[in-house]
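Down below is the structure, laid out as structure tokens.
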Amino acid sequence: MKKTILLFICAMMLSAFTLTSCKKDDNKANNAADNNEGLIVIGFSQVGAESDWRIANTKSMRETFSEENGYRLLLKDAQQKQENQIQAINDFIAQKVDYIVFAPVTEEGWDDALKNAKSAGIPVIIVDRMIKTTDDSLYTCWVGSDFRNEGDVAVEWMETTFKDVADLKIVHLQGSLGSSAQIGRTEGLAAGVDRNSGWDVIYRATGDFTQVKGKEVMEYVLKQYSHIDVIYCENDNMAFGAIEALDAANKTYGVNGEVAIISFDATNAGLNETLSGKINYNVECNPLHGPRVEALIKQLENGVTPEKLAFVEEVAFDATTITKADIDARSY
Ligand code: GYE
């Protein structure tokens, strides 16, 4: 008899515990949906804060998806780690956000997380870099840059500028390996090397799109090689790091120097270095994706199917022709 009562009490306690814990989970899951006060809830998984470009991009997203504009933005910084992004996507699904927006750190490995979003019926908008998948139905649409074209534009400048140089020694500072920005810009250079028999990539390494690593790689390179014609830096921050290393080694660079510097992004700081002649050529990569993503969301809200892929128009800046007005006309 005593045993039965004890068992009964245990069963009651267990069910009470299960009920409260379920309730908690439900509350958590419904959080984003419940407290939105009519706002559209966006879960945005950002790559990190590795560069000036990224910071301008985050600012654009925050400014666009503000409460005044009718949104609640849940922003998660993945610190350049894919596992953090996968976790963020799954968390957004559990929170029942209205849209998932994400800037993929690498191209491969997203299918499982995106399948979860698809089963939950949450549209996924990819921004900036792209993914590789065999199932295009796993995302609604993408907006970003044509990174291969950016590489081609830089290479065309090299072909014109160095047409009389028989043996061109190139140092190649790559972005985060496996990211679309790295892949496209690297492919552009690789095609240039194939076309120009005198071009020689004497050293190639990743600087992970950061100033610190760009500097580290360049310090090493300058100890190993005395003759360098061009440094092909896949973003501005790595170029800033390379410049620090060149300064420390008393090596001249830029328009009037021994080593030419090519960079990508054309951020405010990058263009100032271009105007001052330190960076010879800077290919734009536009980070102002907030309004572009919002336009896609507005289409979806109105039942319109957006274009699957949207490429941003971009230009490039030559140190010999850029003006202060070019820089002032831009907000990043
Ligand atoms: O060029 C770099 C950033 O994906 C376009 O990522 C982006 C790149 C950008 O860290 O600075």
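Residues of segment 181-215 that are over 25 Å from residue 108 (Cβ atoms) and small (Gly, Ala, Ser): 192, 197, 198.
Checked across segment 318-332, the condition of being in contact with a strand residue (DSSP E or B) (Cβ under 7 Å, 6 or more places away or on another chain), within 16 Å of the ligand (Cβ to nearest atom) and not in a loop (DSSP other than H, G, I, E, B) holds for no residue. The set of residues from segment 81-101 being crowded, with 20+ Cβ neighbours inside 10 Å and either without any contact (Cβ under 8 Å) to a residue 12 or more places away in the chain or within 16 Å of the ligand (Cβ to nearest atom) (or both) comprises 85, 101. Checked against (1) in a loop (DSSP other than H, G, I, E, B); (2) within 19 Å of residue 126 (Cα to Cα); (3) aliphatic (A, V, I, L, M), residue 296 meets all criteria but (1).
Select from segment 42-57 the residues that are closer than 20 Å to residue 92 by Cβ and buried (at least 22 other Cβ atoms within 10 Å of the Cβ) and write down the one among them that is nearest to the ligand (Cβ to nearest atom). It would help to see each step written out before you state the result.
At the first step, the residues of segment 42-57 found to be closer than 20 Å to residue 92 by Cβ are 42-49, 54, 57.
In the following step, the residues that additionally are buried (at least 22 other Cβ atoms within 10 Å of the Cβ) were identified as 42-47, 54, 57.
On the way: 42: 19, 43: 19, 44: 15, 45: 14, 46: 11, 47: 7, 54: 5, 57: 8 Å.
By that ranking, first place goes to 54.
Within segment 177-227, the residues that satisfy the criterion of being part of a loop (DSSP other than H, G, I, E, B) and away from the ligand (no atom under 16 Å from the Cβ) are 196, 197, 198, 225, 226, 227. Could you go through segment 244-254 and let me know if any residue there is touching a strand residue (DSSP E or B) at 6+ places or on another chain (Cβ under 8 Å) and either within 16 Å of the ligand (Cβ to nearest atom) or in a helix (DSSP H, G or I) (or both). Yes: segment 244-254 contains one or more residues that are touching a strand residue (DSSP E or B) at 6+ places or on another chain (Cβ under 8 Å) and either within 16 Å of the ligand (Cβ to nearest atom) or in a helix (DSSP H, G or I) (or both).
Filtering segment 102-138 down to residues that are within 12 Å of the ligand (Cβ to nearest atom) and acidic (Asp, Glu), which residue is farthest from residue 182 (Cα to Cα)? Residue satisfying both the conditions and the ranking: 128.
Readers should treat all values here as calculations from the given coordinates under stated rules, not as data from a laboratory. Here the structure is a predicted model, which means the values were calculated and not measured. As a convention, Cβ positions derive from the backbone with ideal geometry for all residues, glycine included, and neighbour counts pool all protein chains shown.
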